[in-house]
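Heads up: the structure comes next, in structure tokens.
The values are calculated or read from the model by the stated rules, or taken from the named source; none is laboratory data. Quick caveat, the model's predicted, so the values are computed rather than measured. Positions of Cβ are backbone-derived with ideal geometry, glycine not excepted, and every protein chain shown enters the neighbour counts. What goes into the accessible areas is simple: the full protein's heavy atoms, side chains included, and nothing from ligands, DNA or RNA. Shrake-Rupley method; radii C 1.70, N 1.55, O 1.52, S 1.80 Å.
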Amino acid sequence: MFGDEGVGIQDIHDICEGDIGETKIRSCILTLKNKELILVTKDGRKELYDINTSKLTEME
């Protein structure tokens, strides 16, 4: 959904055209991570996020 490698905080901020602050984005990501709806990978020190599609299908 976010591409092969996931997206970072800055990418999400850019997609939202600055309408949502990075602090709010981080807060939402933390909530989604706790519900196991977001997968986290790393590219060096940068965390990249992707949707956990298998978890989403379980919710149907």
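For a straight C-alpha distance cut-off of 19 angstrom, the lysines reachable from residue 55 (same-chain residues fewer than eight places away being disregarded) are 33, 35. Site pair residue 32 and residue 20 shows an inter-label distance of 0.7 nm when each label is modelled 7 Å from Cα along Cα→Cβ.
Helix 22-34: angle to the longest alpha-carbon principal axis of the chain, degrees 0 to 90, nearest 10? Helix 22-34 sits roughly 10 degrees off the main axis of the chain. Under the criterion of Cα pairs below 8 Å and six or more residues apart, the relative contact order for the chain equals 37 percent. With all protein chains kept in place, the per residue accessible area of the chain amounts to 77 square angstrom at a probe of 1.4 angstrom. What you get for the chain, charging only the Cβ of Lys and Arg (+1) and of Asp and Glu (-1), is a dipole of about 360 debye around the Cα centre. If the chain linking residue 40 and residue 9 were pulled fully straight, counting 0.36 nm for each residue of separation and taking away their Cα-Cα distance, it would gain 10.0 nm. A cut-off of 5 Å between modelled amide H atoms, ignoring neighbours fewer than 5 places along the same chain, links residue 37 with no other residue. Longest span of the chain, sites excluded, free of trypsin sites (Lys or Arg not before Pro) in DSSP loop with at most 14 other C-beta atoms within 10 Å? By the stated rule (loop sites, at most 14 other Cβ atoms within 10 Å), 1-34. With all protein chains present, how much of the accessible area of the range 1-47 (probe radius 1.4 Å) comes from carbon and sulfur, to the nearest whole percent? Reported share for carbon and sulfur atoms: 50 percent.
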